[in-house]
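Nothing in this text is a laboratory measurement; each read-out follows from the coordinates by a stated rule. This one's a predicted model, so the numbers in the text were calculated from it and none came from an experiment. Virtual Cβ from ideal backbone geometry, glycine too; neighbours counted across all protein chains shown.
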Amino acid sequence: MIAPVKPVDGIAFEGANGAILPIKPPSPKSSTAQAHRPILGRAPTIMTSRIIRFAFLSLVALTLAGTVATAAEQKPIPVIFDTDIGGDIDDAYALAQILHSPELKLLGVTTVSGDAVARARLAAKLLIVAGHSEIPVYAGTSTAPQYIAQTEWAKDFSSPALHLTGGVKFMRQQINAHPGEITLIAIGELTNIAALLNSEPGIGAKVKAIALMGGSVRRGYAPGSAPEPEWNIKSNVTAARTVFTSGVPLIVAPLDSTANLKLTPEWRVKIFAHGTPLNDALASLDFIWSHTNTWKADMPTLFDELAVALVATPNIVPLTPMYLEVAADGLTKPIEGRPPNAQVALTSKPAEFLEYFTQRLAR
Ligand SMILES: [Ca+2]
C-alpha cells in the first residue's frame, strides 16, 4: 500500500541556516586521586607510593590495550542500506560514510520510492567508483515519479552487482541467513521495510534493529519551529506505522537532531580536496543537486548521516527511550506511559558531528 507521493516543493528546508545547538563542555572526568590515598591509615612510604603508582599505570595500560584489542577483534556490524538516493544529496554522502565506517559491514543496498531502478543504478555506480564491485544493489519499490536529477549521472549504468528488482526479497533472504544479526539502515520512506515485515510471519523478530532517519518530535525543519510531518514518514504513513508498531528495536534520527547538520562549503572543500574517485563522484553529484534541487537548498543537510553514525558510533549523541506513535498526517508523537518502541536522538552537536563525518570521508 503506497500513500500518494506529494511534491517535493514546499518542504520547509528554508530558514534552517544559522541556528547551532549549544555545545556543552565535556563533563569533568572522575578524579584519580583515589589511587594515591594512604593504605591502612598509614602515610605511604616512597616504595609503597611507587608500587601503587606502578599498579595504577599498569591497570591503565592493560585497560587501554584491552580496549584496542576489543575494537580490533570486534566483528563489524552487518547492515543493509535502504535508500532513496538520487533525490536529496545526503543519501550519496551517507553511502560513502558507510564505506568509510570500519565498524560496519555493508551486505547490500536496496532502493525505494520514485524510480527505484534509476536510484539503484546510481548506488551501483557509486559502489563501483569506490572500488566495491562485490556489494550487491537491488531496486526495491518504485512509486510515483519524483525529483531524481542525480540519477542522470548513472543513466543506463549496469554491472553484475546491480539487480533491477528484488530489494525486499534480498533483505528477507539475508535476515533469514543471519537471524538476529542484521541492522537495517533506512533513510528513505519506509515502504520497503514495511513490505519486508509484512512478507513473512516472524521476520521482524530476526532483525537486530532498524536505524532510521525520520520523524519530528519537538521541532520541525526550521530552528524553533513546531513539530511537523517529516518527509520519510509522511511519504508512506501506513508503512511508517507498520515499522513503529513492529516491535523491532528502533534507533531514530528525527529532525530534532539532524536538521541543523549543515555541510557548509568549508567542510565540503575538505572532503573534495581529498581527491579519491569516490569523493570526486560526490563532488559531481553535489554540483548537480546544488543547481537542480526543487526546494532551493543551498547546502546539504546531513539528515541521513546521523542514522548511519548511530549504528557505527552508538554513543555519538545521547538517545532517549520513548514511544513514538505515527499519526495519520505523518506526525511522530511521543506517548507518555507506554513501553518505549524507539531510542531517539533528540539533540546533536553540529560542529562535532561535522568534524566526525568529514574526517571519515577525508581519509
Ligand atoms: Ca534519504
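Brief remarks on what is shown
- Distance from the range 245-313 to the range 155-218 (C-alpha centre basis), Å: 20
- Over all other residues within a Cβ to Cβ distance under 15 Å of LYS208, the charged ones net out to +1, with Lys and Arg as +1 and Asp and Glu as -1.
- Summed side-chain charge close to ILE316 - residues other than ILE316 whose Cβ falls under 12 Å, Lys, Arg +1, Asp, Glu -1: -2
- Computed about the Cα centre, the dipole magnitude for the range 321-363 is approximately 200 debye when only Lys and Arg (+1) and Asp and Glu (-1) carry charge, each at its Cβ.
- Gap separating the Cα centres of the range 106-150 and the range 82-104, nearest whole Å: 11
- Residue pairs, from the table LYS169/LYS208; LYS105/LYS296; LYS105/LYS169; LYS234/LYS333; LYS105/LYS208, whose Cα atoms sit over 23 Å apart: LYS105/LYS296
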